[in-house]
1. Within the chain, which DSSP H helices have Cα atoms that stretch 24 Å or more along the helix axis and a mean Kyte-Doolittle hydropathy of at least 0.0?
2. Within 10 Å, count the other beta carbons around each residue, average over each peptide in 47-60, 295-308, 373-386, and list them highest first.
3. List every residue whose amide H lies under 5 Å from the amide H of ALA324, counting only residues 5 or more places away in sequence or on a different chain, with H placed 1.01 Å from N in the peptide plane.
4. Set Lys and Arg Cβ to +1 and Asp and Glu Cβ to -1, take the dipole of the chain about its Cα centre, and tell me which of GLY231, ASN164, VAL107 lies farthest positive.
5. If you place +1 on the Cβ of every Lys and Arg and -1 on the Cβ of every Asp and Glu, how big does the dipole about the Cα centre of the chain come out, in debye to the nearest 20?
6. Step by step: find N for segment 345-460, compute 2.2 N^0.38 Å, then divide the Cα radius of gyration by it. What's the final number?
7. Find the centroid of the Cα atoms in segment 279-308 and in segment 114-136, then give the distance between the two in whole Å.
8. Which values of log₁₀ I(q)/I(0), to two decimal places, follow from the Debye formula for the chain at q = 0.08, 0.09, 0.13 Å⁻¹ with a uniform point scatterer at every Cα?
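Values quoted throughout were computed directly from the atomic coordinates according to the rules given, and no laboratory measurement underlies them. Note that the structure is a prediction, hence the values are computed from the model and not measured. Virtual Cβ from ideal backbone geometry, glycine too; neighbours counted across all protein chains shown.
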Amino acid sequence: MMKSKFKFKSKLSFILVLALALVVSIATFASAATTTGVSGTVKNIDTGAAIAGATIKDGSRTSATSDSLGNYTLSEAAGNYTLIVSASGFQTTSLICTVTSGVVTNVNFSLTKAYGTQTIPAASAGYSVFAWNDLGMHCDQDDYSYFSVLPPFNTLHVQIKNRNNTSGMITSGVNVAYNFPKKTNSTLHTNFWDYAAQYGWNVPANTGITGTLLAGNMQVDPKNLGFVATGIPITPYDDDGTWDPYGAANITVTDSSNTVLQTATVAAPTSTEMDCKNCHGTTNPQLDILQKHDRDNGTTLATDQASGIVHQCSECHSDNALGAPGKAGVESLSLAMHNFHKDKMTTTTIAANTNPGCYNCHPGPNTQCMRGIMEKAGKTCIDCHGDMNKMTTSLQGGRVAWLQEPKCGDCHDAKHQENANTLYRNSTLNNSPLNAMNGELYCEACHNSTHGEFVSSNVKDATIPQKLQGDDKWIWNCKVCHANKTQKAMHS
């Protein structure tokens, strides 16, 4: 009996200890689940190596230091914060975040090494020319004999600054010419003009839908801040057939006496790498698309095509990229594409393995459209735009494709946000160290276009900063524009 009673007490004690441990575990789990704050990693943007000893601050209230693995944890109450990170030998940067009660928000930083000790090339020039492509990438097609999504189209912008003059950007008294030395005849590589009239564009060969040629003079832009050539009909092929989605345009600025003031070279990205074949087969993906559209929507596109009648998608689906209203009751082209395909991107092995998945339609594994500094920092298409489900939901909720897009200000602080109700590509500097600079310089003039923001992983993007600053970074040096100004922070 003594032995039996001892066993019972031992078992009872074990059960009590186990129960107590379970209660402690549950309490610990609940405590962890209700922890509120920010955590993340600080890394070198060029190498991916962890940065130890970086200081992460929320203003002057709280701070943390990254450990040997680059990790940090910052205790914060629920709310909105601007986090500033600094580390010896690196540029200070900031990100905004929203902390939710009971949630640890992840915020990672990728820091750029300190720079800016070289003598810049622009110091010996009288004029500086900034040039860029508006979207970072335009898309067109190799074949227009079945349908048209987008025509050959590219847009270039130029701004000019007299370094010895304190006034703003030059828009009069000069001529700005552009040409593509390796792309002088687009008809060699596209049949667009064989079908252009059927799509509603009665333009001669090698003329864009806006009447713009492959070479010519740029016009003063609508804001009277610079010059623009809209709708240049280039293809991703050079005249000799070389596939070149980052073809170079030469820019020449002359005065009223035809004296050359300055020149520049800039990439004008365009690609036909919309890989419909990943899902629609390699035999005849265009026909397969028409047949499936007919099957699912009761249209007669394949029959029309066989009879020599071709259609532009925007005849029915509104498309703000083309300013096309479409038909009432029909989804916009952006919504129709994302909505219909959102559950079909794993249909084939090649589509499922394409990374990022957006490259199944947006150029592309070879083109590498997403090449800017955010991509270098580890961001993906989805970080800004959301996945296809989120794209669909936002469009169904009223977001207007092409006219309402992700904003720099969604992640960066107020110093680096776009102008109110204005897209990044149309925004101008509005918090400069000198008030006279505000509203003068386009954001893209210094940072390059969307998806190719400096520092770009594609060396063809960096021709302008290389010529002006001798590096591949955003325009940071005041002497690029001003011969006699001391260096200041551009966003102050």
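1. What comes out of the filter, once short or polar helices are dropped, is 2-33.
2. Ranked from most to least packed, the peptides come out as 373-386, 47-60, 295-308.
3. The answer is ASP319.
4. Value computed over the given set: VAL107.
5. Charge dipole of the chain: 2500 debye, to the nearest 20.
6. With N residues counted in segment 345-460, Rg over 2.2 N^0.38 Å equals 1.21.
7. What the calculation gives is 49 Å, centre to centre.
8. Here the Debye-derived log intensity ratios amount to -0.60, -0.73, -1.34.
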